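K.L.:
If you scroll down you'll find the structure; I have some questions about it.
The values are calculated or read from the model by the stated rules, or taken from the named source; none is laboratory data. Computed from a predicted structure; not experimentally measured. Glycine gets a Cβ as well: all are built from the backbone with ideal geometry, and neighbour counts include every protein chain shown. The accessibility values were calculated without ligands, DNA or RNA, using every heavy atom of the protein model including side chains. Shrake-Rupley method; radii C 1.70, N 1.55, O 1.52, S 1.80 Å.
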Amino acid sequence: ASGIQEQGSGSARLQPPEPSLLRFLVCPLSKKPLRYEEATNELINEELGIAYPIIDGIPNMVPEAARMTHKKPPAEDSEQP
């Protein structure tokens, strides 16, 4: 045995993070607490509108890996009078 564990199909499993860690995790951009979204297996920052993916139970907290949760751009000039 080479010590490398099999990943099964090779795709990322939807495994939630360790619950005891969630209370310590904050957004690296805003330093605010994150909300765990079970349906998408992501950590959500409602204020900034971004979601960090969780891969094999490990949150990917790199800002470049986050996806935008809001469709509209942050600066929307058309809504202003």
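K.L.:
Keeping all protein chains in place, calculate the accessible area per residue for the range 19-68 (probe 1.4 angstrom), answer in Å².
P.N.:
Each residue of the range 19-68 exposes 62 Å² on average to a 1.4 Å probe.
K.L.:
Can you list residues from other chains, or at least 5 along the same chain, whose modelled amide H is less than 5 Å from the amide H of Ile55?
P.N.:
It is Asn60, by chain and number.
K.L.:
Just to be sure I understand the model, the point goes 7 Å from the Cα along the line to the Cβ. What's the resulting Leu22 to Asn60 distance in nm?
P.N.:
2.1
K.L.:
For Tyr36, what residues show an amide H to amide H distance below 5 Å, using hydrogens built from the backbone and excluding near sequence neighbours?
P.N.:
Those qualifying (amide H under 5 Å, at least 5 residues apart or on another chain) are Ile44.
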